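Accompanying notes for the structure given below.
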Amino acid sequence: MADKRDYYEVLGVEKSASEDEIKKAYRKLAKKYHPDMNPGDSEAEKNFKEVNEAYDVLSDPDKKAKYDQYGHAAFDPASGGFGGGGFGGFGFDGFDISDIFSNIFGGGFGGGSQRRQNGPVRGENIRLRLTLSFEEAIFGCKKDVQFQRIQKCPDCQGSGAAPGTAAKTCSDCQGRGQVRVQQRTPFGMMQTTRECDKCHGSGKVIETPCKNCKGQGFVKATKKLTVTIPAGIDDGQGIALRGEGCDGRNGGSAGDLQITCSVRPHAFFERDGYDIYCDIPVNFADLSLGAQIEVPTVDGKEKLDIPAGTQTGTVFTLRQKGVQVVNSTRKGNMYVTVVAETPQSLNKKQRELLKQFKESFDSSNHPKWEKFKRKFFK
């Protein structure tokens, strides 16, 4: 990992940069190194991947916190992968289901009250980040995702007992999960309640543990899903798939799979909400004389009428040519800014014609410039 550049350095931001500053820096660099803007440039492609990798980490609060603490080692399997695992931040090397239950169920099989041990407990949510192209976000798409989750053991159906057997009521606490203890104190005999040592608060004892889950009732598993991304989703927005997270315990419902989308910038279009912006170069003659030009939109080419005398920087609005509103048939607008294109090389005839054109002008052709001169150059 020593050859990797610091992610903050890659994006050119300070460690204290806000989410908006990180996003702004990413969009600027991603557009600069976008393959469509640099065809055949292997160095630009390498930089583009590096920028996307940095943004994937720094735009995710959980990953960013791990990176700030451990650096690149947080995501390096060879270093132990402090932030790895792909499942809600848990690492599965040296897998210990009891440790995971402590995180998921607030005490797992080693602590907590009888109510928490025996009552329904909802499963943990799983969070994923999915990277989309500009077009995939606008038009919607289907994406295959893979993730790890905690689920009921298929052999014992979550009981923890070997198939054909069942857990028995704990003889020490009679299934309560707690025992009463009397202690002699200077104030007399005191009675306290504590967790049962034999069943660890569960109220049940498994005499023949399931071999597959070693009596825990739950196992880790890899799951694959095809996710439908709705048309119009924007960078930072997400979708939730109910019940696709970790299985619950004691009849509790399963958690959710929460997917946050990162959208790569486009080489030509800029998006703001459901509106799209772009600059179109137009030659001086068309701006002066007027013309009908073709402009690209996300839906294909569209004709645009340029009135005679149009100034550079003029913005034209194409209604309903923007991004579709999520779960709606409505669309945003597209705003086209025309920019005068100055020719960089002229032949002899063109140069002579331009000279004649220039000499034909008088003050009536430049009313704004004449007004400016009278005001500031008296």
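Is it true that GLN216 is buried (at least 20 other Cβ atoms within 10 Å of the Cβ) and farther than 30 Å from SER59 by Cβ? Don't jump to the end; show me each part of the working.
Working: buried (at least 20 other Cβ atoms within 10 Å of the Cβ): yes; farther than 30 Å from SER59 by Cβ: yes.
It is true that GLN216 is buried (at least 20 other Cβ atoms within 10 Å of the Cβ) and farther than 30 Å from SER59 by Cβ.
For segment 118-133, taking the residues that are among the hydrophobic types (A, V, I, L, M, F, W, C) and within 11 Å of VAL145 (Cβ to Cβ), the one that is surrounded by the fewest Cβ atoms within 10 Å (Cβ to Cβ) is identified as LEU130. Taking first residues from segment 189-201 that are closer than 12 Å to ARG176 by Cα and partners that are acidic (Asp, Glu) and surrounded by 10 or more Cβ atoms within 10 Å (Cβ to Cβ), the Cβ contacts under 6 Å between residues at least 6 apart in sequence or on separate chains come to CYS196/ASP172; LYS198/ASP172; GLY201/GLU195. Considering segment 290-323, the residues that are on the phi > 0 side of the Ramachandran plot and under 36 Å from the mean Cα position of the chain (by Cα) include one that is most open to solvent (accessible area, probe 1.4 Å), namely GLN320.
Of all residues in segment 182-203, those satisfying the criterion of being more than 22 Å from ARG122 (Cα to Cα) and open to solvent by less than 40 Å² (accessible area, probe 1.4 Å) are GLY188, CYS196. Return yes when LYS64 is touching a helix residue (DSSP H, G or I) at 6+ places or on another chain (Cβ under 9 Å), open to solvent by less than 60 Å² (accessible area, probe 1.4 Å), free of Cβ contacts under 8 Å to residues at least 24 places away in the same chain and at negative phi and no when it is not. So LYS64 fits the description; yes.
I'd like to check something: does segment 219-228 contain any residue that is open to solvent by 20 Å² or more (accessible area, probe 1.4 Å) and over 30 Å from GLN146 (Cβ atoms)? Looking through segment 219-228, none of the residues is open to solvent by 20 Å² or more (accessible area, probe 1.4 Å) and over 30 Å from GLN146 (Cβ atoms).
Hey, among CYS246, CYS278, which residue is in a strand (DSSP E or B) and touching a residue at least 24 places away in the same chain (Cβ under 8 Å)? Talk me through it step by step, then tell me what you get.
On the way: CYS246 fails: in a strand (DSSP E or B).
Exactly one residue qualifies, and that residue is CYS278.
Remark: GLY84 matches the filter, which requires a residue to be modelled with pLDDT under 55, within 30 Å of TYR70 (Cα to Cα) and surrounded by 15 or more Cβ atoms within 10 Å (Cβ to Cβ).
Among the residues of segment 160-174, are any of a type in the set (Lys, Arg), more than 36 Å from the chain's Cα centre (by Cα) and modelled with pLDDT under 95? Full working, then the answer.
Just the residues of segment 160-174 that are of a type in the set (Lys, Arg), to begin with: 168.
Filter again for more than 36 Å from the chain's Cα centre (by Cα), leaving 168.
Now restrict to residues that are modelled with pLDDT under 95: 168.
Looking through segment 160-174, at least one residue is of a type in the set (Lys, Arg), more than 36 Å from the chain's Cα centre (by Cα) and modelled with pLDDT under 95.
Note on segment 249-274: residues that are among the hydrophobic types (A, V, I, L, M, F, W, C), open to solvent by less than 60 Å² (accessible area, probe 1.4 Å) and in a loop (DSSP other than H, G, I, E, B) total 3. Taking the numbered list (1) in a loop (DSSP other than H, G, I, E, B); (2) open to solvent by 30 Å² or more (accessible area, probe 1.4 Å); (3) touching a Ser or Thr at 6+ places or on another chain (Cβ under 6 Å) in turn, PRO163 passes all entries but (3).
The values are calculated or read from the model by the stated rules, or taken from the named source; none is laboratory data. Treat the numbers as computed from the prediction; the structure is a model and nothing was measured. Cβ sites come from the backbone with ideal geometry, for glycine too, and all protein chains shown count toward neighbours. To get the accessible areas, we keep the full protein, side chains included, count just its heavy atoms, and leave off ligands, DNA and RNA. Shrake-Rupley method; radii C 1.70, N 1.55, O 1.52, S 1.80 Å.
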